[in-house]
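The values are calculated or read from the model by the stated rules, or taken from the named source; none is laboratory data. What you see is a predicted model; the values in this text were computed from it and never measured. Cβ atoms come from the backbone with ideal geometry, glycine included; neighbour counts cover every protein chain shown. Side chains are part of the model used for accessible areas, which takes the heavy atoms of the whole protein and leaves out ligands, DNA and RNA. Shrake-Rupley method; radii C 1.70, N 1.55, O 1.52, S 1.80 Å.
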Amino acid sequence: MKILRVNMRTKATIKEELPREWELYGCRGLVAKVLLKEVPPACEPLGPFNKLVFANGPMAFPNVSSAGRFSAGGKSPLTGGIKEANSGGIAGLRLAGQGFRAVIIEDKPENREELYVLHIGRDRIRLENAAEYKLMGVHELAEKLFARYGKDVSLTMIGPAGEMLMSSAAIVNVDKDGNPSRCCARGGLGAVMGSKGLKAVVVENDGDFRQEIKDPKKFNETVKAYAELLRTSHQTSVAYTLYGTAGLIATINELGGMTSYAFRSGSFDKVEEITGEKLYDVINERGGEGTPTHACMPGCLIRSSNVFAGKDGKKKVASFEYETIAMLGSNLGIGNFDEIAELNYLCNDYGIDTIEIGAALGVYMDLGLARFGDAAAAAGLIKEVGSGTLLGKVLGEGAAVTARIFKSLRAPVAKGQSIAAHEPRSIKGMSVTYATSPMGADHTAGVTTRAKVNQLDPNGQMELSRSTQVRMAAVDTLGVCMFVTTAGMKALLYLVEMLNAVYGTEHTVEFINKLGKDVILTEREFNTRAGFNGYDDRMPEFMMYEAIPPHNAVSDIPKEHYKLFWDDDYWKK
């Protein structure tokens, strides 16, 4: 496998061999290794010394279910620290077909007005002028790129928010059916891509690279067993398949963890209108282009995605996810799928993280500047962001800046990034994850919501979050969908056995812990050099004293637990 370097100032492209010591690193872990080695941690996130890394994983094979994830990474303009965000879709598999584990975007054009499409194919790697696409929304951009390059390419794009360098800007990828809605959403990486003058990356499906497999017989046997596990596990073959991530809504609402009314409540009074079961029924009743079960990448057996159609039966968004339904729905007091889907569509088109902008709009509404439940007002505010008005630029910088400008003491952020829709006062393990993750308040870094523990008891939550974060860091590094882990430890064992068969290694399942620890410590080292310290591992102050109903919970993880999280005895094992 190779690494492709693209210099946006000189326009030079260079192919390099992937270093042997990084052979089993992809996605999140490879981002961490590249950034620590090559990016000055104190650099300006939107300056020439930051780098934008695109990467897939060492298991990016079409016949390995859910293993073609795609990561983007760089120093975050939102947190000021390291950031990786990953998505489904086909970009990871297309890059693997071209023989690339990573593409590293370096420097930036001398003229800020320069805008390019990076076109990668078997016989071509070139930067092509993209001036005609300036400030174009993602939906129209995808249509034009498909018309120009053909329907079988992968597209990685930014919308107007990325070009305007907003810290809530996402990077949008297409799924296997060409839907532009699989987002590397968090941390403002769309702004990093915009700062590089890169509007889109187009990767052809003409690659002929085939990874050598050291033990084909063992590999095929393990792939078969892995697939059977995913087909028979209830969570991966029924729950996610039928209801997607929205299937969590009824449970999390009962736990008091459903972010509602700008983090004023942990349960939503209109929750029955937005459950996963309700979503399933609505999609089926409408028919048309909607489907409750959909795979975002080829060969995925879990198929947790969906396509939500409007009342006219026409596709609106694909996929309609829990975090978006909560952050643009219950968090804003909106309990109508069609209204939430319209907000989701606008965010996708402008290239905006629905979690970050949902939190920012919540801060705005909480101050009485707009009314909770007013979907038209919410849509208008998102359009302000997409248009780059003064108000839009404030909101587009995310929840922390919005709170600072409008003088709110209720910024729901950790390390500058907004908390997601797993309320950490009621689901206390999330307090530890949000506070300690080098990524900032990123729920995917270590979701403890499904753990069979007393979620309201602060004791034991540090250990739960830590072990979950380590496991997730490893899974993200392998480029595998986190939902695979819900099939149990056997799924992780199969992943390690597949790695051994492909690369000729002899790892045990303990490799997962070793890999995850190494990735997190690498990320933490980058942040330490960037100026982070133990003080940054904390929750928002208002959550420590403001009790949230229905359980009247506060964020009360003992302060010493945040310090114990980094105990050397654990991390050096």
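Structural remarks
- Cα extents of region 159-219 along the three principal axes, largest first (Å): 50, 23, 22
- Amide proton proximity set for Leu198, modelled H, under 5 Å, gap of 5+: Tyr116
- The 1.4 Å probe gives accessible areas that order His294, His507, largest first, as His507, His294.
- Distances between every pair of Cα atoms in region 4-96, grouped in 10 Å steps from 0 to the bin holding the largest one, split as 16, 45, 33, 6, 0 percent.
- Region 308-402, relative contact order [Cα under 8 Å, separation at least 6], %: 25
- Rounded to the nearest whole Hz, the Karplus-based 3J(HN,Hα) values (6.51 cos²θ - 1.76 cosθ + 1.60, θ = phi - 60°) of region 454-459 follow the sequence 6, 5, 8, 8, x, 6, with x at glycine and proline.
- Accessible surface of the chain, 1.4 Å probe, proportion on carbon and sulfur as whole %: 49
- Pairs from Lys11/Lys199; Lys2/Lys37; Lys108/Lys134; Lys278/Lys428 whose Cα-Cα separation, in the structure shown, is over 25 Å: Lys278/Lys428
- Based on the Kirkwood approach, the hydrodynamic radius assigned to region 219-323 is 14.9 Å, with every pair of different Cα atoms included.
- For region 487-499, 3J(HN,Hα) computed residue by residue from phi via the Karplus equation (6.51, -1.76, 1.60; θ = phi - 60°) reads 7, x, 4, 4, 4, 5, 4, 5, 4, 5, 5, 5, 4 Hz, glycine and proline entered as x.
- Descending principal axes extents, region 77-154, alpha-carbon based, whole Å: 37, 29, 25
- Only DSSP H runs of four or more residues enter the estimate; each adds -39500 (n - 2.57), and after division by the residues of the chain the mean residue ellipticity at 222 nm equals -11000 deg cm²/dmol.
- Remark: for residue pairs Lys144/Lys311; Lys75/Lys407; Lys51/Lys151; Lys15/Lys51; Lys83/Lys514; Lys176/Lys196, the C-alpha separation exceeds 19 Å in Lys144/Lys311; Lys75/Lys407; Lys51/Lys151; Lys83/Lys514; Lys176/Lys196.
- The residues of the chain expose, per residue, 36 Å² of accessible area to a 1.4 Å probe.
- From the C-alpha gyration tensor of region 387-431, square roots of 5λ in Å: 25, 11, 7
- Remark: region 318-333, residue by residue, has Karplus-estimated 3J(HN,Hα) of 8, 10, 9, 9, 3, 4, 6, 4, 7, 6, 9, x, 4, 4, 9, x Hz, where x stands for each Gly or Pro and the curve is 6.51 cos²θ - 1.76 cosθ + 1.60 at θ = phi - 60°.
- Only Cα pairs under 8 Å and 6+ residues apart enter the sum, and on that basis the relative contact order of the chain stands at 16 percent.
- Annotation: extensible slack from Asp177 through Ser387 equals 72.7 nm (criterion: 0.36 nm per residue apart, minus Cα-Cα distance).
- Sequence-distant residues sharing a close amide H with Ser181 (under 5 Å, placed H): Asn173, Asp175
- For region 187-342, relative contact order (Cα pairs under 8 Å, six or more residues apart, normalised by length) works out to 20 percent.
- Förster-model FRET efficiency, 41 Å R0, Asp338 and Arg404, C-beta, rounded to 0.05: 0.80
- Taking amide H as placed 1.01 Å from N in the peptide plane, the amide H of Gly99 sits under 5 Å from that of Phe209, each at least 5 places away or on another chain.
- D_trans [Stokes-Einstein, Kirkwood Rh over alpha-carbon pairs] for the chain, 10 °C, 1.306 mPa s, µm² s⁻¹: 68
- Cα gyration tensor, region 282-344 - rounded (a/c under 1.5), prolate or oblate: oblate
- Per-residue extension of 0.36 nm, minus the Cα-Cα distance of Ala379 and Leu456, leaves a gain of 24.2 nm for this segment.
- Placing unit charges on the Cβ atoms only, positive for Lys and Arg and negative for Asp and Glu, gives the chain a dipole magnitude near 900 debye about its Cα centre.
- Reference-scaled alpha-carbon Rg (2.2 N^0.38 Å with N residues) for region 418-519: 1.12
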